[in-house]
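Written below as structure tokens is the structure these notes are about.
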Amino acid sequence: MPTTAFDVYERLAKHFGKQHWWPGETKFEIIVGAVLTQNTAWSNVELAIENLRDASALKFSAMHQLSSDELSELIRPAGYYNLKAKRLRNLLQFIDEEYDGAIDDMFSVGMMTLREQLLGVNGIGPETADSILLYAGEQPTFVVDAYTARMVKRHEWVDEEADYYAIKDYFESQLNSDTQLFNEYHALIVQLGKSFCKPKPVCQECPLCDLLPESSELRPDER
């Protein structure tokens, strides 16, 4: 019987246990974290978040009043701080102009409408938009990151050329549209990527090892 996306979820859940993502005390903090985590480790994001918290800048109105230089300095630990400050300011401007700074109002317009709006903000790509919707908005959209792409392509569940939306559809077409499921699944995939499905994989102990295609050079019995 072919392996389904839910079969994979159950294996990962059994192996790793509950992940309880996303770390963040407020919706706004999670939104900020989704931008800051682009191309950096979460440990660096935590340092930037702590700087913002110490500066009492983890509220929309307070951050919106910061200058570009002030914001850049506070988020410096997250890397690419000038670029990320610009992206954050673009997002803040969007929230201000479209929703008068009201985060709850923003999430009340409907997932697909808001997703298209977020993608229209300079610097907000599909992964960041979906992270904002799923983790801050608690709306059922599957987040695809580098870990996810690596896992599904190594197992040949999608074509090697599959893009973000093809991988997203692979999961959403097989799973119930459930926020908690999508949340937990993504967290489990991240844990898999950190523990086993690394750029240089550690397949022998991986809970998905036996699901590798017979032809894969990564199968331990064919090394």
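Bear in mind these aren't lab numbers, they're just calculated from the coordinates by the rules spelled out. All figures in this text were calculated on a predicted structure; none of them were measured in a lab. When we count neighbours, we look across all protein chains shown, and the Cβ atoms used for this are built from the backbone with ideal geometry, even at glycine.
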- Given the convex hull over the Cα atoms of region 116-223, what projected area results after averaging over all orientations, in nm²? 7.5
- Message: Quick one: the Cα spread of region 130-176 along its three principal axes, in angstroms, biggest first?
- Response: 31, 20, 14
- Which value results when the Cα radius of gyration for region 27-136 is divided by 2.2 N^0.38 Å? 0.97
- Over the C-alpha atoms of region 1-66, what are the Rg and the largest Cα-to-Cα span, Dmax, in Å? 16.9, 57
- Message: Given the options 114, 102, 140, identify the residue whose Cα lies farthest towards the positive end of the charge dipole of region 1-150 (+1 on Cβ of Lys, Arg; -1 on Cβ of Asp, Glu).
- Response: 140
- So for the pair residue 179, residue 161, with labels modelled 7 Å out along Cα→Cβ, what separation do we get in nm? 3.8
- Given only helices, namely DSSP H runs of n ≥ 4 each adding -39500 (n - 2.57), what is the per-residue ellipticity at 222 nm of the chain, to the nearest 500 deg cm²/dmol? -16000 deg cm²/dmol
- With +1 at each Lys and Arg Cβ and -1 at each Asp and Glu Cβ, the charge dipole magnitude of region 45-142 around its Cα centre, to the nearest 20 debye, comes out at 280
- Once the Cα atoms of the chain are picked out, what are the Rg and Dmax in Å? 18.7, 59
- Relative contact order (percent) for region 27-136, with alpha-carbon contacts under 8 angstrom and 6 or more residues of separation? 30
- What residue among 91, 192, 158 has its Cα farthest toward the positive end of the dipole of the chain, where the charges are +1 on Lys, Arg and -1 on Asp, Glu, each on the Cβ? 192
- In debye, nearest 20: dipole of the chain around its Cα centre with unit charges on the Cβ of K, R (+) and D, E (-)? 620
